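Below: the structure, in structure tokens.
The values are calculated or read from the model by the stated rules, or taken from the named source; none is laboratory data. The model shown is predicted, which means the values in this text are computed figures rather than measured ones. Note that we place each Cβ from the backbone using ideal geometry, even for glycine, and neighbour counts take in every protein chain shown. These accessible areas exclude ligands, DNA and RNA; they are computed on the full protein's heavy atoms, side chains included. Shrake-Rupley method; radii C 1.70, N 1.55, O 1.52, S 1.80 Å.
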Amino acid sequence: MSAEIRLFRCLNDNYGVLLHDPASGATASIDAPEAEPIEAALKATGWKLTDILVTHHHADHTGGIQALKDKYKCRVVAPSAEADKIPAVDQAVREGDKVAVGKLSANVIETPGHTTGHIAYWFHADKLAFVGDTLFSIGCGRVIEGTPGMMWRSLIKLRDLPDDTKIYCGHEYTAANIKFARTIEPGNAALAAREMQAAQQLAKSEPTIPVTIGDEKKENPFLRADLPEVAAGIGMAGKEPSQVFAEIRARKNKF
Ligand SMILES: [Zn+2]
């Protein structure tokens, strides 16, 4: 039996996600922005919370952990490098570790940049990846603790996942991200089509995620910094991809 997903909004623009294994009944919350919407999703599905898989230490991803831990006695899995900044951690994990949710299994991928200990969870058999604030739909997280070069290498690791991997990210930023991406690649037809699709989804109050790695490779400028046409388009022909990425990220910060 394959994994089931429940996606819902938390706080202002965060996403909450529940991942459920029908075979065992295990259910994980990916991050815990706030307890109430997660409890509402558990009630609506009838699923019982067994695990919280944390991507990074920011309060809008961890604010609900303690209340959920107290109520459900669930296991809290978190990045080893940030375990001291995250409440109630039971299991600290790093690159290459495996995390089980019932019979579902994830590989831990370290993706530093947004924070220096940030991790993603890749459920390869289920073609799912939970990437927190590293990769967004047509965007990427701000480089707050790490360096642009570090963030670029992290994004390449995610780009190397199979094209049909479904990506769940931490925020609904797609509309603003597309508006910016169009300034970097105004001639990208796939991106123009995505803009129409996202506008339709948002008009119906539908989420714009999950996205696939295959689509992001065609449309997300932050994953395309090593393409000659992208570098040339921003006046950086021949520069190192990490420098091109850094320039695109700097422009987004000012956008
Ligand atoms: Zn964050």
- Message: Tally up the residues in segment 45-69 that are on the phi < 0 side of the Ramachandran plot and free of Cβ contacts under 8 Å to residues at least 12 places away in the same chain, please.
- Response: 1
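Looking only at segment 66-87, decide whether some residue is in a loop (DSSP other than H, G, I, E, B) and under 15 Å from F130 (Cα atoms). Don't jump to the end; show me each part of the working.
Pass one, segment 66-87, residues in a loop (DSSP other than H, G, I, E, B): 73-74, 86-87.
Among the residues that remain, those that are also under 15 Å from F130 (Cα atoms) are: none.
No, segment 66-87 has no match at all.
Residue-wise test of (1) assigned to a strand (DSSP E or B); (2) open to solvent by 40 Å² or more (accessible area, probe 1.4 Å); (3) not aromatic (F, W, Y).
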| site | (1), (2), (3) |
| --- | --- |
| E39 | no, yes, yes |
| L42 | no, no, yes |
| D60 | no, yes, yes |
| A106 | yes, no, yes |
| G117 | no, no, yes |
- Note on the structure: All-but-one check, G146 against (1) open to solvent by less than 50 Å² (accessible area, probe 1.4 Å); (2) under 19 Å from H57 (Cβ atoms); (3) within 14 Å of the chain's Cα centre (by Cα), failing number (3)
- Of (1) free of Cβ contacts under 8 Å to residues at least 24 places away in the same chain; (2) within 16 Å of the ligand (Cβ to nearest atom), K85 satisfies all except one. Which? (1)
- Of all the helices (runs of 4 or more DSSP H) wholly in segment 130-249, which have at least 2 residues that are farther than 22 Å from N107 by Cβ and in contact (Cβ under 8 Å) with a residue 40 or more places away in the chain? 148-159, 174-184, 189-203, 228-233
